[in-house]
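Chemist: Once you've had a glance at the structure underneath, I'll fire off some questions.
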2 protein chains.
Amino acid sequence: MQTFSIAIHGGAGTILKKDLTAELEAAYNKGLEEAITAGYNILEKGGTALEAVTAATVSLENCILFNAGKGAVFTKTGTHEMDAAIMDGRTLDAGAVAGVSAVKNPVELALAIMQKSDHVMLSGDGALQFTKQQGLQIEDDAYFFSQFRYDQWQLVKNENVIALDHNIQTEKKFGTVGAVACDAHGNIAAATSTGGMTNKNFNRIGDTPVIGAGTYANNATCAISCTGHGELFLRAVAAYDVSCLMEYKGLSLQQAMETVTLDKLVKINGEGGMIGVDAKGNTSLVFNSDGMYRAMQNSKGEKQIAIYR
Amino acid sequence: MQTFSIAIHGGAGTILKKDLTAELEAAYNKGLEEAITAGYNILEKGGTALEAVTAATVSLENCILFNAGKGAVFTKTGTHEMDAAIMDGRTLDAGAVAGVSAVKNPVELALAIMQKSDHVMLSGDGALQFTKQQGLQIEDDAYFFSQFRYDQWQLVKNENVIALDHNIQTEKKFGTVGAVACDAHGNIAAATSTGGMTNKNFNRIGDTPVIGAGTYANNATCAISCTGHGELFLRAVAAYDVSCLMEYKGLSLQQAMETVTLDKLVKINGEGGMIGVDAKGNTSLVFNSDGMYRAMQNSKGEKQIAIYR
C-alpha cells in the first residue's frame, strides 16, 4: 500500500535551546503540531498532496510565530512584502508570488496563480490586483503586526544594508515556512512562504518564490521546500539540484538532499535547510544550521516534531 | 590554446522569411552583427566573458528592433517592465532584476546587483531606487517607445488575458535578448534581458530573471541564455537542467541543450530556444521554433549570423 506522508518547516538558523524560553518552545511546538495535523488530516481523508501542503502552509502563515503571513518581518520601509510558491509534482504546474503585501495567505495566492492564471510568477501591486480579482482574503497592517518582529526591525532599521547584513549574519535566522507531501495516490507537492529578511530593501526577492531554488516538485523525483540564506539557495538552484541528483545520478532523496545541503551549500556558506518527500512517501529533513523548526508524519505511524539539531 | 567564443540571441518564435521584408531582415542582421562584434572585440582584447556578455546584451538592448531596453513591449497599462539577469560561471555570482521601468540597460543593473549589493534579485520600484543610487542611466518613456511595439499593443490591449494569450499563441514571438561567452582564460558567463510579453498584466515575471530558468552559468558545465514561452522554461528550470545533464549525466553541451530544447520543452509545449557555451569555447544555438535571431563567433575564425531555421 502507498505510504502517504507530510513534512513541514518553520525556518532554520541559529536556533539554540538556551535562547528559547520553555513557553516559547512550547508555542513553537504547538504551531508545528497544528500545521502538521492540518496537512496530515487531509491526506488521511484521501485528499491530494497539493491540498495538504496548502493547508499546512496556511496554518504556519496564520501562526504569528513564523515569518510568513501573520507575523511576517518588516521591510526597511516598515511594510510586509511576502513571497510564496507552490508546485504540483503530478503535472509540474507551478505558481509563485514575489513581494506582495496585504494578502492574508500568500500560498493560496500562489495556488490561484497556478490554477487560474496563464502565468507562473506574479509580483508586487499586480499580484495584489490579481488577489482581489480572485476574491482572496486581504488584511490590513494591524493583522500582520507582531511586537517581536517590530522590535527586531527597530534594532536594525537605521543601520545601512551592510551593517544590517552583518547583523543578520550574527543572528542567522532564516524565517520561512513550507510543506511537502506525498498523498495516497503517490502524487507529491511542495509549498513555501516567507516574509523574507528583516529590513529588506529594494524589493529584494529571495529563493522562496523561485521555482527550482526554494520550491520544486516532480513525481519522478521529489518535492522540496527550502529555508535559508536565500541568495545562496538561488545561486545553487538548490531544490532542482536535489531533483537532478536523483534523476540523473540515481541518488536517493536523503542522499541528494544531504549532498546539496551538507556539502554544496556549505561550501558557498549557504546556511539553512530543506524538507523533502518522494513519491514512495519517504520524507527527509536536512539542515546545516543549528536548528530548524520542523515536523513530519506518515501513514506508517511515524511522527516527529523538533526544533534543535 | 584556449578557444574564446561568444553567442547571442534576439528572441525566438514564428519568425518566417515570408514575413520579413528585405529591409527588416537586413536591419535585424545589422543589429546582430553589431552586438556580436561588441562582445567579440572585448574577448579579442583579453577581456572577460562577463564583460563580453554585458557589452553584447547592452548592444541588443539599445537596438530598437529587439524586445529589451529601447523597443521593449508595452504592458497592459502602457508601461515598460523589464527583466534581466547575469551570471558569472567562474564565481557562481549572479544578479537579476524583475519588473523594472525606466532603466536604460537592465543588464547593467543586473550586473550592479551582482557586484554591488548583497542580493541576487531585486524588483520593481526598489530596483529602480537601487539603479539611481548606483548612478546608472535612466530614460523617459519616449526613449523606450517604438511605433511597432505600440501598434502591436494596440491590437491586443482591449482583449482580456485569455484572448491575449490566444493571440500570443498565434503570434508566437518571444522577444528576449541574451549572450553567452567563453573568454581566453576559460571563464564563462551568461546574460539575458527582456521586456516580457506584450500587454502583460499583474507584474508578471517570466524566466529571464530567474537564475536556473532563463539564465545560468557555471565554469564546470555551461553558460546558458534562454528565449521562449517563459512560463514553460520556468517550470522546466531549463538553463540549470542543461547544466545538470552535463554534470551528472556526462552529456556534451550540444547533447544537453538538445535534450532540454528539442525533447523536454517540446513535450510541455515550451516553444523557444537557447544559446550555450562551455569552458572549452564550444558554442551551441538550439531552438524548437521556426526561427531565432542569433549569432556566434569564435577565435577559430568561425562566425554565423542567422534568423531562420
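Chemist: Please enumerate the residues belonging to region A:287-307 that are part of a strand (DSSP E or B), among the charged types (D, E, K, R) and under 18 Å from the mean Cα position of the chain (by Cα).
Modeler: A:294
Chemist: Which residue pairs have Cβ atoms closer than 8 Å, lie 6 or more positions apart in sequence or on different chains, and pair a first residue in region A:215-235 that is acidic (Asp, Glu) with a second residue that is assigned to a strand (DSSP E or B) and surrounded by 24 or more Cβ atoms within 10 Å (Cβ to Cβ)?
Modeler: Taking only residues 6 or more apart or on different chains, not a single pair turns up.
Chemist: Of everything in region A:275-303, what is over 19 Å from residue A:187 (Cα atoms) and in contact with a Leu (Cβ under 8 Å, 6 or more places away or on another chain)? Give them in sequence order.
Modeler: Hits for region A:275-303 are A:286, A:288, A:290, A:291, A:292, A:293, A:294, A:295.
Chemist: Out of curiosity, is residue B:230 more than 10 Å from chain A (Cβ to nearest Cβ) and small (Gly, Ala, Ser)?
Modeler: Taking the combined requirement at face value, the residue does not satisfy it.
Chemist: Another one. Cβ-Cβ distance below 9 Å, separation of 6 or more or different chains: which pairs start in region B:96-110 with a residue that is facing another protein chain (nearest Cβ under 10 Å) and closer than 20 Å to residue B:78 by Cα and end on one that is among the β-branched types (Val, Ile, Thr) and assigned to a loop (DSSP other than H, G, I, E, B)?
Modeler: B:98/B:208; B:98/B:210
Chemist: Sticking with this one: How many residues does region B:157-182 contain that are at pLDDT 85 or above and touching a Gly at 6+ places or on another chain (Cβ under 7 Å)?
Modeler: The qualifying residues number 7.
Chemist: Here is a follow-up. Taking residue B:136 as meeting all but one of (1) closer than 18 Å to residue B:55 by Cβ; (2) in a helix (DSSP H, G or I), write down the number of the exception.
Modeler: Condition not satisfied by residue B:136: (2).
Chemist: I want to confirm something. Restricting to region A:52-74 and keeping residues that are polar (S, T, N, Q), touching a residue at least 40 places away in the same chain (Cβ under 8 Å) and touching a strand residue (DSSP E or B) at 6+ places or on another chain (Cβ under 9 Å), which single residue is farthest from residue B:126 (Cα to Cα)?
Modeler: Going through the qualifying residues, I end up with A:54.
Chemist: OK, next. Within region B:252-261, track down each residue that is surrounded by fewer than 24 Cβ atoms within 10 Å (Cβ to Cβ) and either away from chain A (no Cβ under 14 Å) or acidic (Asp, Glu) (or both).
Modeler: The answer is B:252, B:254, B:258.
Chemist: I've got another one for you. Condition first: surrounded by 24 or more Cβ atoms within 10 Å (Cβ to Cβ) and within 9 Å of chain A (Cβ to nearest Cβ). Now tell me which residues in region B:240-251 satisfy that.
Modeler: B:240, B:241, B:243, B:244, B:245
Chemist: Taking region A:214-227, which residues are away from chain B (no Cβ under 12 Å) and closer than 18 Å to residue A:81 by Cα?
Modeler: Hit for region A:214-227 is A:227, nothing else.
Chemist: Among the numbered criteria (1) in a helix (DSSP H, G or I); (2) touching a residue at least 40 places away in the same chain (Cβ under 8 Å); (3) within 15 Å of residue A:180 (Cβ to Cβ), which one does residue A:8 miss?
Modeler: Answer for residue A:8: the failing condition is (1).
Chemist: Further question: Please specify each residue of region B:254-279 satisfying the condition of being in a loop (DSSP other than H, G, I, E, B) and over 18 Å from residue B:179 (Cβ atoms).
Modeler: B:268, B:269, B:270, B:271
Chemist: What is the number of the single condition among (1) surrounded by 24 or more Cβ atoms within 10 Å (Cβ to Cβ); (2) within 9 Å of chain A (Cβ to nearest Cβ); (3) not in a helix (DSSP H, G or I) that residue B:130 does not meet?
Modeler: Of (1) surrounded by 24 or more Cβ atoms within 10 Å (Cβ to Cβ); (2) within 9 Å of chain A (Cβ to nearest Cβ); (3) not in a helix (DSSP H, G or I), only one is false for residue B:130: (3).
Chemist: Please indicate, with yes or no, whether at least one residue in region B:84-106 is charged (D, E, K, R) and within 17 Å of the chain's Cα centre (by Cα).
Modeler: For region B:84-106, residues charged (D, E, K, R) and within 17 Å of the chain's Cα centre (by Cα): present.
Chemist: Looking at region B:262-281, is at least one residue farther than 21 Å from residue B:210 by Cα, in contact (Cβ under 8 Å) with a residue 60 or more places away in the chain and either surrounded by fewer than 18 Cβ atoms within 10 Å (Cβ to Cβ) or within 14 Å of chain A (Cβ to nearest Cβ) (or both)?
Modeler: Yes; the residues of region B:262-281 include at least one that is farther than 21 Å from residue B:210 by Cα, in contact (Cβ under 8 Å) with a residue 60 or more places away in the chain and either surrounded by fewer than 18 Cβ atoms within 10 Å (Cβ to Cβ) or within 14 Å of chain A (Cβ to nearest Cβ) (or both).
Chemist: In region A:180-213, what count of residues is obtained for those that are away from chain B (no Cβ under 14 Å), surrounded by 24 or more Cβ atoms within 10 Å (Cβ to Cβ) and not in a strand (DSSP E or B)?
Modeler: 2
The values are calculated or read from the model by the stated rules, or taken from the named source; none is laboratory data. This is a predicted model, so every value here is computed, not measured. Every residue, glycine among them, receives a Cβ derived from its backbone with ideal geometry; neighbour counts consider all protein chains shown.
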